[in-house]
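Heads up, the thing below is written out as structure tokens.
The values are calculated or read from the model by the stated rules, or taken from the named source; none is laboratory data. This one's a predicted model, so the numbers in the text were calculated from it and none came from an experiment. Note: ideal-geometry Cβ built from the backbone for every residue, glycine included; neighbour counts use all protein chains shown. With ligands, DNA and RNA removed, areas are computed over all heavy atoms of the protein, side chains included. Shrake-Rupley method; radii C 1.70, N 1.55, O 1.52, S 1.80 Å.
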Amino acid sequence: MADNKVELVCIACPVGCLMEVEQNGDEFIVTGNACKRGPEYAKAELTHPTRTLCTTVAIKNGFLNRVPVFTEDEIPKGLIFEAMDEINKIVVEAPVKVRQIVIENLLGTGINVVTTRSMSKKNS
Amino acid sequence: MQNYDLIVVGGGPAGLAAAIEAKKNDVDSILIIERDREVGGILQQCIHNGFGLHIFKEQLTGPEYAERFIEEAKSMNIDYVVDTMVLDVTPEKVVHVINPKTGYQTFQAKAVIMAMGCRERTRGAINIPGYRPSGVYSAGTAQRYTNMEGFMPGKKVFILGSGDIGLIMARRMVLEGAEVLGVAELMPFSGGLKRNIVQCLDDYNIPLLLSHTIIKIEGKDRLEKVIVAQVDENFRPIPGTEKEYEVDTLLLSVGLIPENELSKKAGIKLNPVTSGPFVNESMETSVEGIFACGNVVHVHDLVDFVTQESRRAGLNAAKYIKNEKATEGKIVEANTGFGITYVVPSKILVDNVEDELVMFMRVNNVYSNMRLEVKSGDTVIKSIKRRHLAPGEMEQVKLKPSDLAKAEGELVFSIVGEDA
Ligand SMILES: Cc1cc2nc3c(=O)[nH]c(=O)nc-3n(C[C@H](O)[C@H](O)[C@H](O)COP(=O)(O)OP(=O)(O)OC[C@H]3O[C@@H](n4cnc5c(N)ncnc54)[C@H](O)[C@@H]3O)c2cc1C
Ligand code: SF4
């Protein structure tokens with residue numbers, strides 16, 4: 001049997017614990033994590049990796065030219081580029097509020113894309 | 001000349017948190033002065049998430065983290081001005097400013113908090129031979145262009161330096177359709193957070209070349225090529241290891257340096273190691289009544305630590321204004337021992353520490369399974385086990401008044417073997 005031990009950096013928070021994960025069938029034995037989110041991350045990463053996507057969308061008449069957005073929850077890693085294509089089609093109009101929905105149910109994931117700041121109109 | 005109790009120079013997360021804390025401690029007349037078009041500081045261009053886990057218990061993007069503090073400051077009626085550059089702060093706390101609309105003005109403050117953040121080292125600071133074609137940007141400038149102005153700096157990109165901004169920008173450029181051919185790092189380890197290496201480089205198969213540097217750039221009007229080589233232990237390029245990359249854009253992420261022109265002019269003593277002011281337990285500089293916090297003191301990688309440190313500056317500026325601070329008593333110096341590059345603060349007036357003092361420090365190399373030890377003379381005051389230590393990750397040690405009571409003269413912070 002091959003050794004089922006892998007080293008994995010937890011990216012659930014900026015601490016970045018270096019974990020050792022041993023997979024035993026459906027069971028994951030995790031060491032090196034500083035908190036309980038480590039094992040959750042390890043299991044998810046090894047079965048169905050997901051990421052939060054942070055980017056910007058164009059804004060008309062905004063104080064700046066772009067307004068930052070993110071996926072409200074993590075989406076499957078494999079969908080990132082498709083998601084970028086969808087998000088890049090969007091143009092919003094100022095003013096916007098923080099956490100305003102710009103895409104509902106992104107690519108059928110059930111997850112919304114929302115703004116992460118509010119933005120007033122140009123010169124107002 | 002207008003009078004304020006407290007003037008805060010810089011409206012980034014440090015300045016905002018300090019002002020809010022001062023207001024909560026009954027300082028009413030406060031002015032935050034910001035040179036940019038809006039407050040929020042560098043966070044406004046950091047559109048990735050990961051901010052605020054300690055303080056808000058959720059992962060916010062930079063702009064949203066900033067917005068929470070801006071809203072809080074507004075709801076507390078803290079005054080701020082934007083598009084206003086502070087030109088000078090005198091030891092007597094006269095603040096000289098200039099604004100394109102209102103012109104030149106001076107203010108008198110009882111206390112000043114320096115919160116100017118840091119700036120990026122640029123190519124001048126590192127020496128790459130060759131022409132100076134367009135297409136070479138600092139990573140932070142590229143970040144601002146891409147995320148705020150909606151202008152992409154290029155299509156085929158190479159990145160020099162593996163600091164966090166470089167890593168974050170590598171992913172950002174790939175997401176926006178560019179190709180990132182590699183990241184070269186002079187040191188044998190990255191200065192960035194591990195999590196950023198995983199989710200910014202590994203996720204997108206961007207190679208990280210450790211112990212590599214750029215030895216030449218080519219292109220007359222626009223950048224065409226960078227030539228990369230491996231370096232030896234003395235950071236000298238090893239002949240025969242050269243590799244060429246055809247790129248139109250080079251991003252430099254070679255480090256940040258605290259912005260302290262104003263501090264120098266004010267006569268504040270700077271620590272040559274951090275390039276930031278020496279501060280005491282209250283975040284007060286060598287000039288009485290002038291405090292400093294955030295990236296202007298030492299470069300932080302986590303904004304939550306900036307906030308924490310800045311609250312301390314705000315609280316103590318308030319105490320100073322109200323004449324509630326101890327000015328005499330037992331003083332302990334904080335010094336560095338083996339493996340530690342710097343410690344902030346560097347001086348502790350013990351009577352001013354109420355419940356706990358957080359000491360921030362950085363190590364000089366990558367270590368595993370070691371202890372962070374705090375000693376005074378022969379007395380070990382604290383010894384904390386650490387599985388992993390790296391220069392890119394700031395360490396903190398919390399000292400209680402009871403710990404400080406045991407200290408005499410100085411505290412030495414060092415790294416020792418597991419069971420030495
Ligand atoms: C690219 C990048 C990525 C980062 N990623 C993360 C992350 O993922 N997670 C995390 O927690 N932290 C992150 N950080 C760290 C965090 O953003 C910084 O530590 C924090 O913004 C520092 O706050 P500050 O207020 O000290 O400085 P700044 O945010 O730089 O604010 C300083 C302010 O002072 C103003 N100023 C300067 N000089 C003057 C003057 N003479 N007159 C008037 N105003 C002046 C500037 O315009 C600026 O607005 C990142 C930082 C950078 C640069
Ligand atoms: S295990 Fe916990 S502390 Fe460590 S990186 Fe993951 S979330 Fe952060």
Restricting attention to the stretch B:296-311, and to residues there that are more than 20 Å from B:Lys194 (Cβ to Cβ) and touching an Asp or Glu at 6+ places or on another chain (Cβ under 8 Å), which single residue is most open to solvent (accessible area, probe 1.4 Å)? B:Arg311
Flag for B:Ala266 being over 23 Å from B:Gly12 (Cα atoms) and either more than 16 Å from ligand 2 (Cβ to nearest atom) or in contact (Cβ under 8 Å) with a residue 12 or more places away in the chain (or both): no
Just one listed residue, out of A:Glu104, A:Glu86, is open to solvent by 70 Å² or more (accessible area, probe 1.4 Å) and out of contact with any Phe, Trp or Tyr (no Cβ under 6 Å at 6 or more places or on another chain), and it is A:Glu104
Identify, by number, the condition in (1) within 17 Å of B:Asp301 (Cβ to Cβ); (2) within 16 Å of ligand 2 (Cβ to nearest atom) that B:Lys57 doesn't meet. (1)
What number of residues within the stretch B:364-411 are over 28 Å from B:Lys330 (Cβ atoms) and of a type outside the set (Gly, Ala, Ser)? 13
If B:Met148 satisfies every condition in (1) within 12 Å of another protein chain (Cβ to nearest Cβ); (2) within 16 Å of ligand 2 (Cβ to nearest atom) but one, which is the exception? (2)
Residue that is nearest to ligand 2 (Cβ to nearest atom) [pool: residues in the stretch B:21-53 that are of a type in the set (Gly, Ala, Ser), more than 18 Å from B:Ile7 (Cβ to Cβ) and in contact with a helix residue (DSSP H, G or I) (Cβ under 7 Å, 6 or more places away or on another chain)]: B:Gly52
Condition set more than 20 Å from B:Gln396 (Cα to Cα) and β-branched (Val, Ile, Thr), scope the stretch B:326-347, selection least open to solvent (accessible area, probe 1.4 Å): answer is B:Ile331
Give all pairs with beta carbons closer than 9 Å in which a residue from the stretch B:78-98 that is without any contact (Cβ under 8 Å) to a residue 12 or more places away in the chain meets a residue that is assigned to a loop (DSSP other than H, G, I, E, B); count only pairs at least 6 apart in sequence or on separate chains. B:His96/B:Thr90
List every residue pair whose Cβ atoms sit under 7 Å apart, with the two residues 6 or more apart in sequence or on different chains, where the first one lies in the stretch B:162-190 and is within 16 Å of ligand 2 (Cβ to nearest atom) and the second, anywhere, is open to solvent by 40 Å² or more (accessible area, probe 1.4 Å). B:Asp164/B:Asp301
Verdict on B:Arg132 being out of contact with any strand residue (DSSP E or B) (no Cβ under 7 Å at 6 or more places or on another chain), open to solvent by 30 Å² or more (accessible area, probe 1.4 Å), charged (D, E, K, R) and at pLDDT 95 or above: no
Which residue out of B:Val231, B:Val247, B:Val279 is within 16 Å of ligand 1 (Cβ to nearest atom) and either within 14 Å of chain A (Cβ to nearest Cβ) or hydrophobic (A, V, I, L, M, F, W, C) (or both)? B:Val279
May I ask you to say which residue of B:Asp79, B:Asp88, B:Asp83 is modelled with pLDDT of 95 or more, at positive phi, away from ligand 2 (no atom under 16 Å from the Cβ) and surrounded by fewer than 16 Cβ atoms within 10 Å (Cβ to Cβ)? B:Asp83
Between B:Ser282, B:Ser275, B:Ser286, B:Ser263, which is open to solvent by less than 10 Å² (accessible area, probe 1.4 Å) and assigned to a loop (DSSP other than H, G, I, E, B)? B:Ser282
Six or more apart or on different chains, Cβ atoms under 9 Å: show the pairs whose first residue is in the stretch B:1-16 and more than 12 Å from B:Ala317 (Cβ to Cβ) and open to solvent by less than 10 Å² (accessible area, probe 1.4 Å) and whose second is more than 6 Å from ligand 1 (Cβ to nearest atom) and among the aromatic types (Phe, Trp, Tyr). B:Gly11/B:Tyr80; B:Leu16/B:Phe69; B:Leu16/B:Tyr80
For the stretch A:7-30, which positions are of a type in the set (Val, Ile, Thr) and either surrounded by 14 or more Cβ atoms within 10 Å (Cβ to Cβ) or in contact with a Gly (Cβ under 8 Å, 6 or more places away or on another chain) (or both)? A:Val9, A:Ile11, A:Val15, A:Val21, A:Val30
Give A:Gly62, A:Gly38 a once-over and let me know the one that is open to solvent by less than 30 Å² (accessible area, probe 1.4 Å) and within 16 Å of ligand 2 (Cβ to nearest atom). A:Gly38
